[in-house]
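In what follows, a structure is listed as structure tokens, so that the remarks can point back to it.
The values are calculated or read from the model by the stated rules, or taken from the named source; none is laboratory data. All values reported here derive from a predicted model rather than from experimental measurement. Using ideal geometry, Cβ is built from the backbone for each residue, glycine included, and neighbour counts are taken over all protein chains shown. Accessible surface areas use protein heavy atoms only, side chains included; no ligands, DNA or RNA. Shrake-Rupley method; radii C 1.70, N 1.55, O 1.52, S 1.80 Å.
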Amino acid sequence: MVFSSINFLYYFLPVVFLLYFTVPSRAKNLVLLVSSLFFYFYGEPVYLILMIAVSFSGYLHGLWINRAKDGRYAKLSLISSLFFGLAPLLYFKYTDFLIKNINFIFGLNIPALNLDLPIGISFYSFQILSYTIDVYKGNAKVQKSFVNFAAYVSLFPQLIAGPIVRYTAVESELVCRTHSFRDFAYGINRFIIGLSKKVIMANSLGELVDIMARSNEKAVLLYWLKAIPFMLQVYYDFSGYSDMAIGLGRIFGFCFPENFNYPFISKSITEFWRRWHISLGTWFKDYVYIPLGGNRNGTGKWLRNIFLVWFLTGFWHGAEWNFILWGLYFAIFLSVEKLFLLKVLDKTPAFLRHIYTLFFTLISFVLFNGNGLSECFHNFRGMFGFLDISFAGAETIYYLKSYSVTLLIAAIGSTPLPKTLVTKIKDNKTASIVLNIFEPLVQASLLLLVTAYLIDGSFNPFLYFRF
């Protein structure tokens, strides 16, 4: 089940709201747990037991770590939690990749297992690891209630695609949280905004990407018209899902961390990664980069740490070489910027810094979108005129004109401009009153429009569904 579906919006969610807000406080986590397990079962019945087992393992390891703290088995308990926390992720996500590469290198013919990747395993595995590591470090208190812990791991608002919510971020809210009409209204508004970004914007951009990918026409402009909308599609798809997760979390009394902060206004690759998928970047920083020594042990080890973190970041996104290359691509830029390029960029006009960042970010999305390295390099050759093709064809120009308004709205919407305009309107007392009257009408209209899209259309992919 995904948020952008009729079943979720008009069947699952109303029932959960009804149950959650009618039961006493002591039963709310149980309602969330049962609802989340059903939510997961609906989309992935086979692997529900796996998620429960991994959650139980994390819960038991937390108890063991807490008991063994400062004792002779303290490190053993942590190592055990890391092994059992990572083993399912490594097995389901990377076994076939390993087999394929062993076959290629040694000329073998080991049959692939053809494993389906359990939905959300990359996210809930990292959440469990953050819990056991923080308990070991003394940054979090051990959770003695399995219901509370399992509710944290399986919480349906952020189960499928994050943001990666650390245990310390919701530790107190799992035990005691408040609910208010203001938080409920904020949550509904944030959810509808995210839902609209996903269904109206991301799906429309995805249709253009799909049309360009299936087109028999060969033209330089076609490759660009596939790359740029894809970059925007990923942003609206993933940030929209994060908005929905944050909104639902607020309704249930949780304050989930922000995951996107207008990344396309960045003036460097370093700034871009402070604004894009923030929860993943900070997770790798705090649990991998800093424990490795960060930048404290000389330039050589510092560069090693950057490349290792970004190798893992790329590999986390997918078990293919183009994802690994994507991660190392960013490692190179981040290293070069930190060594000297940021000083050069500081003296460069702002618009040139924007162009630099957007261009090399766009190149990264071509790597991200390729079905293997050969397709990636083919797309690069097409974009930069190294194929024997024309600059533009009739079909490409037709679809560029047809989607020009969508692309313009998507570009503007990815900047703070709409939010800034709303803020300025709210600063005016009279205009603010009018806005407060019309805001619920706008929300209702967006929800109706989204519903019409979902009923009428079948194109509703979610790019991070299998990460």
What are the pairs, 6+ residues apart or on separate chains, where a residue within the stretch 2-26 that is exposed (fewer than 14 other Cβ atoms within 10 Å of the Cβ) has its Cβ under 9 Å from a residue that is not in a helix (DSSP H, G or I)? Asn7/Met1; Phe21/His179; Ser25/Cys176; Ser25/Arg177
Got a number for residues in the stretch 155-187 being assigned to a helix (DSSP H, G or I), surrounded by fewer than 20 Cβ atoms within 10 Å (Cβ to Cβ) and either touching a Lys or Arg at 6+ places or on another chain (Cβ under 7 Å) or not β-branched (Val, Ile, Thr) (or both)? 10
Please note which helices (runs of 4 or more DSSP H) are completely contained in the stretch 343-462 and include at least 2 residues that are farther than 30 Å from Val2 by Cβ and among the small types (Gly, Ala, Ser). 373-383, 429-456
Just one of (1) touching a residue at least 24 places away in the same chain (Cβ under 8 Å); (2) within 24 Å of Ala319 (Cα to Cα); (3) open to solvent by less than 40 Å² (accessible area, probe 1.4 Å) trips up Asn103, so point out which. (1)
Quick one: would you say Leu205 is more than 21 Å from Glu439 (Cα to Cα) and among the aliphatic types (A, V, I, L, M)? yes
When you check Phe41 against the structure, is it modelled with pLDDT under 95, touching a helix residue (DSSP H, G or I) at 6+ places or on another chain (Cβ under 6 Å), among the hydrophobic types (A, V, I, L, M, F, W, C) and part of a helix (DSSP H, G or I), yes or no? yes
So Trp302 passes all but one of these: (1) surrounded by fewer than 15 Cβ atoms within 10 Å (Cβ to Cβ); (2) more than 21 Å from Leu90 (Cα to Cα). Which condition number does it fail? (1)
Out of the stretch 222-280, which residues are free of Cβ contacts under 8 Å to residues at least 60 places away in the same chain and crowded, with 23+ Cβ neighbours inside 10 Å? Ser239, Gly240, Asp243
For the stretch 348-369, pairs from a residue that is assigned by TED's automatic domain parsing to the domain that holds Tyr235 and over 16 Å from Phe380 (Cα atoms) to a residue that is aliphatic (A, V, I, L, M) and surrounded by 15 or more Cβ atoms within 10 Å (Cβ to Cβ), with Cβ under 6 Å and 6 or more apart or across chains, are Arg353/Leu345
Would you be able to tell me the number of residues in the stretch 278-293 that are in contact with a Phe, Trp or Tyr (Cβ under 7 Å, 6 or more places away or on another chain) and either outside the structural domain of Leu232 (by TED's automatic domain parsing) or part of a loop (DSSP other than H, G, I, E, B) (or both)? 0
Have a look at Trp310, Trp326, Trp321 and point out the one that is buried (at least 20 other Cβ atoms within 10 Å of the Cβ), of a type in the set (Phe, Trp, Tyr) and within 23 Å of Ala87 (Cα to Cα). Trp310
Would you confirm whether or not the stretch 395-418 contains a residue that is within 25 Å of Trp310 (Cβ to Cβ), among the charged types (D, E, K, R) and modelled with pLDDT under 95? no
Quick one: Tyr152 ticks every box in (1) in a helix (DSSP H, G or I); (2) more than 30 Å from Arg72 (Cα to Cα) except a single one, so which number is it? (2)
With (1) touching a Pro at 6+ places or on another chain (Cβ under 6 Å); (2) assigned to a helix (DSSP H, G or I) as the list, and Ile306 as the residue in question, which single condition is left unmet? (1)
Residue identified as outside the structural domain of Glu320 (by TED's automatic domain parsing) and either without any contact (Cβ under 8 Å) to a residue 12 or more places away in the chain or of a type in the set (Lys, Arg) (or both) among Phe123, Phe41: Phe41
Residue pairs qualifying under the 8 Å Cβ cut-off, at least six apart or on distinct chains, with the first in the stretch 132-154 being open to solvent by 20 Å² or more (accessible area, probe 1.4 Å) and the second being of a type in the set (Phe, Trp, Tyr), are Ile133/Tyr287; Phe146/Phe56; Phe146/Tyr59
Take the residues of the stretch 389-420 that are more than 20 Å from Gly194 (Cβ to Cβ) and among the small types (Gly, Ala, Ser): which is least open to solvent (accessible area, probe 1.4 Å)? Gly393
Among Lys198, Lys218, the single one that is open to solvent by 20 Å² or more (accessible area, probe 1.4 Å) and charged (D, E, K, R) is Lys218
Might you check whether a residue that is over 18 Å from the mean Cα position of the chain (by Cα), of a type outside the set (Lys, Arg) and under 29 Å from Thr313 (Cα atoms) occurs anywhere in the stretch 180-196? no
